[in-house]
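The values are calculated or read from the model by the stated rules, or taken from the named source; none is laboratory data. Keep in mind the model is a prediction, meaning the values are calculated, not measured. All Cβ positions, glycine included, derive from the backbone under ideal geometry; neighbour counts span all protein chains shown. Heads up: the accessible areas ignore ligands, DNA and RNA and are worked out on the full protein's heavy atoms, side chains in. Shrake-Rupley method; radii C 1.70, N 1.55, O 1.52, S 1.80 Å.
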Amino acid sequence: MHKLLVLYPEPADRGAFQDYYVNKHLPLAAKLPGLRASRYSFGVAGAETPYFAVFEAEFDSHADLVAAMSSPEGQAVEADVPNYAPQGAVVVDYPVEPLIG
């Protein structure tokens, strides 16, 4: 499995961010080809965290993630980010390994 993780910094207007994200951006992300699972939270905690929200998406492989983000749907997702997060986001991806034992 390969995971995409997106971390969003504190927005200028939490309510506007949440409304746009849930009602417009997440429906776009749900259309990513090859998406196996996704989840999000506005409950990022920790005294030192600079993040307000987090999104996780799972794909079968890195190649599937690259294909999804290169697709018209993926390009629409990326193009939409400035509409609700003009300050951008931190995006990382990584393979997920099972626990041993």
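Within region 29-72, the GluC sites (Glu not before Pro) that combine a DSSP coil assignment with at most 12 other C-beta atoms in a 10 angstrom radius are GLU48.
Once you have the Cα-Cα distance between ALA76 and LEU28, take 0.36 nm times their residue separation minus that, and quote the gain in nm to one decimal. Don't skip to the end; give the middle numbers.
On the way: separation 48, 0.36 × 48 = 17.28 nm, distance 0.73 nm.
Extending this stretch completely gives an extra 16.6 nm.
Comparing SER41, SER70, SER61 in a Gaussian network model of the chain (Cα springs below 10 Å), the most mobile by mean-square fluctuation is SER41.
Under a Cβ-Cβ cut-off of 10 Å, what is the net charge of the residues other than PHE59 that fall near it, where Lys and Arg count +1 and Asp and Glu count -1?
-2
Using +1 on the beta carbon of Lys and Arg, -1 on that of Asp and Glu, and nothing else charged, what's the dipole of the chain about the Cα centre, debye to 20?
Working: 6 positive and 13 negative charges, 38 e Å.
Magnitude of the dipole: close to 180 debye.
Could you tally the net charge around PRO33, taking each other residue with its Cβ under 15 Å from the Cβ of PRO33, Lys/Arg +1 and Asp/Glu -1? Spell out each step's value before the answer.
Working: positive: LYS31, ARG36; negative: GLU58, ASP60, ASP64, GLU73, GLU78.
Summing Lys/Arg as +1 and Asp/Glu as -1 gives -3.
Spin-label model, ALA47 to ASP13: label points 7 Å out along the Cα-to-beta-carbon direction sit 3.3 nm apart.
Under a point-charge model restricted to the Cβ atoms of Lys and Arg (+1) and Asp and Glu (-1), what is the dipole moment magnitude of region 48-101 relative to its Cα centre, in debye to the nearest 20?
The dipole magnitude comes to about 160 debye.
Note on the chain: helix-only mean residue ellipticity at 222 nm, from DSSP H runs of 4+ residues weighted -39500 (n - 2.57) and normalised by residue number, equals -9000 deg cm²/dmol. Applying both filters, DSSP loop and at most 16 other Cβ atoms within 10 Å, to the trypsin sites (Lys or Arg not before Pro) of region 1-95 gives LYS31, ARG36. Using all pairs of distinct alpha-carbon atoms, the Kirkwood hydrodynamic radius of the chain works out to 14.2 angstrom. Think of a 1.4 Å ball rolled over the protein heavy atoms: the chain then has 60 Å² of accessible area per residue.
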